[in-house]
Amino acid sequence: MIRIPCPFCGERDHSEFAYGKDASVQYPPLDAPLEDWHEAVFLRDNIRGVQLETWQHLHGCRQWLVVERDTATHHIHSVRAAHPGVAAVLAGAGNDAGSGK
Amino acid sequence: MTRYSAWSIFKNGLAGQRNWRRAWRDAEPRAHYDIIIVGAGLHGLATAYYLAANHGAANIAVLEKGWLGGGNAGRNTTIVRSNYMMPGNRPFYEHSLKLWENLSHELNYNVMFSQRAHITLLHTPAARDAAARRYNTMRLTGSDGELWDLDALKRAVPHLNYDNARFPIIGAAVQRRAGTARHDAVAWGYARAADQLGVDIIQNCEVTGITRDANRVSAVQTSRGPIRIGNAGKVGLAVAGNTSRLWAMAGLGKLPVETHLLQAFVTEPLKPLLDQVVVFGVGGAHFYISQSDKGGMVFGGDLDWYKSYAQRGNLPAVQDVAECATSILPCLGRVRLLRHWGGVMDMTMDGSPFICKTPLANLYLNAGWNYGGFKASPASGWYFADLMANDRPAPVIADFDLGRFRHGVNIDERGAGPDPKLHG
């Protein structure tokens with residue numbers, strides 16, 4: 001069982017969470033060339049090792065998180081709130097849980 | 001090499017079974033080959049066999065990082081069917097099923113292909129309408145398909161849970177020519193047949209690098225030393241689950257592929273209980289089950305839902321699959337699991353595979369088999385060999401290329417959109 005340290009709720013089994021997707025994907029502006037959209041929608045690095053990904057704490061606080069996880073060992077390196085404003089508030093409050101450490 | 005026959009069994013039986021020879025050589029790598037296939041799974045072995053058998057190619061090596069058939073060839077639920085509907089998939093999987101029907105004879109090796117029927121349970125009128133469309137499409141394109149009403153289903157499989165108020169069974173969609181095969185025998189059969197045609201199958205030989213000379217591959221680096229490819233040489237990748245890693249070694253960037261984990265299970269052996277393959281999928285459930293010749297119930301379900309290269313499963317998926325098993329076959333409630341295993345697979349952006357050329361002139365790609373690699377392996381090898389030998393895709397696989405997303409011709413059998421984990 002993977003256990004994810006949610007910055008809001010503490011460490012929980014991954015069955016409480018829903019996997020989102022590769023968090024390194026950035027969608028381009030709407031008027032970007034077709035090639036940029038093709039890459040963002042369809043192409044992936046598919047890293048074997050540490051990658052950024054989004055998870056939602058679906059059966060908990062329902063917050064979206066950015067998780068740094070090793071896809072070969074399932075080891076979790078860090079967790080933070082996906083929403084930059086929420087992450088900034090957590091960090092500003094001096095809340096260590098904000099980094100998931 | 002001896003040909004297997006009833007007579008050879010009789011003769012060796014009289015001689016105390018001492019004269020059987022090993023089925024294929026454990027080849028040492030040579031410094032140079034004309035064709036290199038990376039991956040001695042079902043697709044790689046089938047490709048090597050058809051290259052030699054159909055196209056007369058010689059000086060072929062199949063490189064395998066572990067042991068022959070130790071990847072997804074040994075990590076599946078052995079189901080063979082062709083109930084695909086989309087253009088592109090339809091003729092491809094039908095060709096595969098036809099190859100399966102003659103495979104034991106073709107390879108002179110009993111792959112134990114059992115056409116025991118594949119039964120998809122239907123629970124709603126909408127599902128029955130969708131199945132009618134799919135199975136009529138199959139019938140109109142040279143395959144077989146039937147819709148069974150509840151009485152017919154009860155006669156064939158009497159011990160399903162017909163008393164489920166939430167998901168009542170109303171009938172089934174059936175392909176009688178579908179069934180199961182012995183997965184190891186398929187790997188061994190292709191290996192033996194390819195070996196007899198001179199193919200070197202090299203185990204414990206992991207590819208660690210791909211050396212390029214401009215837009216050609218000139219050599220592959222392996223854990224057993226470098227292997228050069230001649231000027232007319234060709235390299236084919238058939239490395240499900242690790243395609244992106246080899247692609248990166250060739251310096252080719254990103255692919256429309258994510259590697260995900262799928263588990264499967266087998267129970268302790270039981271007396272004959274289930275004569276067909278039964279598929280249960282409604283309300284988020286996804287479950288498929290058959291009984292092996294040894295009596296074990298072999299079944300599987302969904303992916304583990306997160307990206308993973310780890311060939312081991314996680315517990316929530318075990319619970320999910322066990323719940324499906326007992327909801328559709330309550331009689332399995334007290335049966336113990338014997339074993340479960342995890343395989344990593346290329347999940348693509350539309351759930352369909354790639355058998356195509358690449359940006360490099362002499363590199364060819366066979367990848368993206370999602371859940372469906374086992375049943376596809378004969379046709380996959382057939383058409384991949386054809387592609388490599390003739391340097392052009394056959395019309396059947398014309399859309400199995402990397403450019404299809406750019407052209408908007410996604411072959412999305414499930415209609416799930418560009419999210420690899422949804423293409424189960």
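Below are the figures for this structure:
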| quantity | calculated |
| --- | --- |
| Residue (of B:N136, B:H105, B:N72) at the positive-pole extreme of chain B, dipole from beta-carbon charges | B:H105 |
| Per-peptide average of other Cβ atoms within 10 Å, ordering B:108-115, B:294-301, B:401-408 highest first | B:294-301, B:108-115, B:401-408 |
| At 0.692 mPa s and 37 °C, Stokes diffusion of chain B via Kirkwood alpha-carbon radius, µm² per second | 148 µm²/s |
| Ranking by accessible area, most exposed first, for B:M388, B:M85 with a 1.4 Å probe | B:M85, B:M388 |
| Within chain B: Cβ-based charge dipole about Cα centre, in debye rounded to nearest 20 (Lys, Arg +1; Asp, Glu -1) | 700 debye |
| Selected from B:R192, B:R177, B:R18 as most flexible by GNM, with chain B as the system and alpha-carbon contacts under 10 Å | B:R18 |
| Whole-angstrom gap from the range B:323-356 to the range B:1-26, using each part's C-alpha centre | 36 Å |
| Within-10-Å neighbourhood charge of B:A317 [Cβ basis; K, R +1; D, E -1] | -3 |
| In degrees, nearest ten, helix B:125-140 long axis to first principal axis of chain B (Cα) | 50 degrees |
| Rounded to whole Å, sorted largest first: equivalent-ellipsoid semi-axes of the range B:221-314, Cα gyration tensor | 38, 19, 12 |
| Whole-Hz ³J(HN,Hα) from phi, Karplus 6.51 cos²θ - 1.76 cosθ + 1.60, for the range B:19-31, glycine and proline x | 9, 5, 9, 4, 6, 8, 6, 8, 6, 8, x, 8, 7 |
| Rounded tilt (10° steps) of B:315-328 against the dominant C-alpha axis of chain B | 50 degrees |
| Among the listed pairs B:K271/B:K421; B:K294/B:K357; A:K21/B:K357, those beyond 30 Å (Cα-Cα) | B:K271/B:K421; B:K294/B:K357 |
| Chain B: most fluctuating residue of B:L365, B:L97, B:L160 per GNM, C-alpha cutoff 10 Å | B:L160 |
| Spin-label model distance (nm) - B:N108 vs B:W67, 7 Å beyond Cα toward Cβ | 2.5 nm |
| Mean separation of Cα contacts under 8 Å (6+ apart) over length of the range B:194-293, as relative contact order % | 14 percent |
| Charge sum, other residues only, whose C-beta stays under 9 Å from B:W341's C-beta, Lys/Arg counted +1 and Asp/Glu -1 | +3 |
| Simple Cβ-charge dipole of the range B:1-94, Lys/Arg +1 and Asp/Glu -1, about Cα centre, in debye nearest 20 | 380 debye |
| Where A meets B: accessible area buried, both sides, 1.4 Å probe, Å² | 2300 Å² |
| Peptides A:64-77, B:248-261 ordered by average Cβ neighbours within 10 Å, highest first | B:248-261, A:64-77 |
| Farthest toward positive dipole pole in the range A:33-97 [+1 Lys/Arg, -1 Asp/Glu at C-beta], among A:H38, A:L90, A:T54 | A:L90 |
| GNM result for chain B, Cα springs below 10 Å: residue of B:T243, B:T267, B:T78 fluctuating most strongly | B:T267 |
| The protein assembly as shown, Cα convex hull volume normalised per residue, Å³ | 174 Å³ |
| Helix-derived mean residue ellipticity, 222 nm - over the protein assembly as shown, DSSP H n ≥ 4, -39500 (n - 2.57), to 500 | -8000 deg cm²/dmol |
| Sulfur and carbon atoms: percent of accessible area, chain B [1.4 Å] | 52 percent |
| Net charge contributed by nearby residues that have their C-beta within less than 15 Å of A:Y19 (K/R +1, D/E -1) | -3 |
| Whole-Å distance, taken between Cα centres, linking the range B:135-175 and the range A:64-83 | 43 Å |
| Cα long-axis angle, helix B:42-55 against chain B (0 to 90 degrees, to the nearest 10) | 60 degrees |
| Furthest towards positive pole of dipole, B:I355, B:L332, B:N370, structure part the range B:299-374, Cβ charges | B:L332 |
| Translational diffusion coefficient (Stokes-Einstein; Kirkwood radius from C-alpha pairs) of the range B:199-276 at 20 °C, 1.002 mPa s, in µm²/s | 136 µm²/s |
| Distance in nm between pseudo-label sites at B:H407 and B:L14 (7 Å out along the Cβ direction from Cα) | 6.0 nm |
| Average other protein chain Cβ within 10 Å of Cβ, residues A:36-45 | 5 |
| Per DSSP, loop trypsin sites (Lys or Arg not before Pro) in the range B:297-343 with at most 10 further Cβ within 10 Å | B:R334, B:R336 |
| Whole-number percent relative contact order across the range B:209-358, with pairs defined as alpha carbons under 8 Å at least 6 apart | 25 percent |
| Relative contact order computed over the range B:310-424 (Cα-Cα under 8 Å; 6+ residues apart), in percent | 29 percent |
| Electrostatic dipole magnitude of the protein assembly as shown [Cβ: Lys, Arg +1; Asp, Glu -1; Cα centre; debye, to 20] | 1360 debye |
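The values are calculated or read from the model by the stated rules, or taken from the named source; none is laboratory data. These figures come from a predicted structure and were not determined experimentally. Every residue, glycine among them, receives a Cβ derived from its backbone with ideal geometry; neighbour counts consider all protein chains shown. Please note that ligands, DNA and RNA were not included when accessible areas were found on the heavy atoms of the full protein model with its side chains. Shrake-Rupley method; radii C 1.70, N 1.55, O 1.52, S 1.80 Å.
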